[in-house]
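Read the structure below first, then the notes.
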Amino acid sequence: PPGKFSADADSLESLFLGAPIDTCVDKVRAASPLTYMRSGLPPFLILHGSSDTAVPAHQSELLYRALMRSRCRATLALIQGLGHGFTNRKGLDDSPYTMQLHGVDLPDAGMSLSSRIFAYIGDWLDLNLRR
């Protein structure tokens, strides 16, 4: 199911932590950004491909909700159809890829998707880091 990790010893999560995740709860907790939620964190821009098979998009949704609960500024953008690191971006600038943002507007829809993503990042940085 989305957002679930595998406890198998050869899963990516277990390999990353050096042990099956169900045997190293302290390492799992320390590796989770949710452990460090508190008010006063800098603003977050979370971009995530909806077809990411390495890290489920649900994980970014959990991070976004935790940031909101901590009263932190955060923006979550899900790019429909793209995978981890957007490495499967064959046809990135063609349909059917769309960008869904929680509560924000996209740049000019006449631009290619990659141009829209980079323009949005630039606008977001200007807005959130020049305060």
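The values are calculated or read from the model by the stated rules, or taken from the named source; none is laboratory data. Values in this document were obtained by computation on a predicted structure and should not be read as measured data. Positions of Cβ are generated from backbone atoms using ideal geometry, with glycine treated the same way; all protein chains shown enter the neighbour counts. Just the protein is used for accessible areas: all its heavy atoms, side chains included, with ligands, DNA and RNA removed. Shrake-Rupley method; radii C 1.70, N 1.55, O 1.52, S 1.80 Å.
Table: residues versus (1) assigned to a loop (DSSP other than H, G, I, E, B); (2) closer than 25 Å to residue 8 by Cα; (3) touching a strand residue (DSSP E or B) at 6+ places or on another chain (Cβ under 8 Å).
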| residue | (1), (2), (3) |
| --- | --- |
| 19 | yes, yes, no |
| 28 | no, yes, no |
| 38 | yes, no, no |
| 42 | yes, no, no |
| 45 | no, no, yes |
| 53 | yes, yes, no |
| 60 | no, yes, yes |
| 67 | no, no, yes |
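Which residue, of 125, 63, is surrounded by fewer than 17 Cβ atoms within 10 Å (Cβ to Cβ) and modelled with pLDDT of 80 or more?
None of the others qualify; the one that does is 125.
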Can you confirm whether region 85-107 contains a residue that is at pLDDT 90 or above, exposed (fewer than 14 other Cβ atoms within 10 Å of the Cβ) and not aromatic (Phe, Trp, Tyr)?
no
Which pairs turn up if I take residues in region 49-69 that are within 17 Å of residue 37 (Cβ to Cβ) and of a type in the set (A, V, I, L, M) and look for partners that are open to solvent by less than 50 Å² (accessible area, probe 1.4 Å) and assigned to a loop (DSSP other than H, G, I, E, B) with beta carbon separation below 6 Å, at least 6 apart in sequence or on another chain?
66/37
